[in-house]
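Working notes, beginning with the structure itself.
The values are calculated or read from the model by the stated rules, or taken from the named source; none is laboratory data. Since this is a predicted model, take the numbers as computed values, not measurements. Don't worry about glycine lacking a Cβ; one is built from the backbone with ideal geometry, like all the others, and counts go over all protein chains shown. Ligands, DNA and RNA are stripped out before the accessible areas are found, and what is left, the full protein with its side chains, is counted by its heavy atoms. Shrake-Rupley method; radii C 1.70, N 1.55, O 1.52, S 1.80 Å.
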Amino acid sequence: MKLLRIATAIILPPLGVFLTEGISTAFLINIVLTLLGWLPGSIHALWIIVKHEERVNKQVY
């Protein structure tokens, strides 16, 4: 699932954030960043996905 989210973050950044966080402020921020340019939206989406994985891994251990 993580690979799918990363791939969608690169191709369509808001979708990657939506799959990770759902409808949230991060999703809305990512839409704005993607409208300003594809690269800022992709960087933000990848950052959100990585941080989410860190939080999940921290809770498990």
Just one of [x] 64; [y] 97; [z] 179 is volume of the Cα convex hull per residue in Å³ as worked out from the coordinates here. Which one is it?
-> [x]
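Pop out the carbon and sulfur fraction of the accessible area of the chain as a percent, whole number, probe 1.4 Å.
Values: 3130 of 4180 Å².
Answer for the chain is 75 percent, counting heavy atoms of protein chains only.
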Which ³J(HN,Hα) values in Hz, rounded to whole numbers, follow from the phi angles of the range 34-48 under the Karplus curve 6.51 cos²θ - 1.76 cosθ + 1.60, where θ = phi - 60° and Gly and Pro get x?
-> 5, 5, 6, x, 5, 5, x, x, 5, 4, 5, 5, 5, 4, 4
Peptides ranked, highest mean first, by Cβ atoms within 10 Å: ranges 1-8, 20-27 = 20-27, 1-8
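Between Lys2 and Leu36, what FRET efficiency follows from the Cβ-Cβ distance if R0 is 22 Å, with the result rounded to 0.05?
Values: r = 26 Å, r/R0 = 1.19.
FRET efficiency, Lys2 to Leu36: 0.25.
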List, in order, the whole-Hz ³J(HN,Hα) value for each residue of the range 7-16 obtained from phi through the Karplus relation with A = 6.51, B = -1.76, C = 1.60 and θ = phi - 60°; use x for Gly and Pro.
-> 4, 5, 5, 7, 7, 9, x, x, 5, x
In Å², what does the accessible area per residue of the chain work out to with a 1.4 Å probe?
-> 69 Å²
Treat each spin label as a single point 7 Å out from the Cα along the C-beta direction, and report the Ile43 to Leu12 distance in nm.
-> 2.4 nm
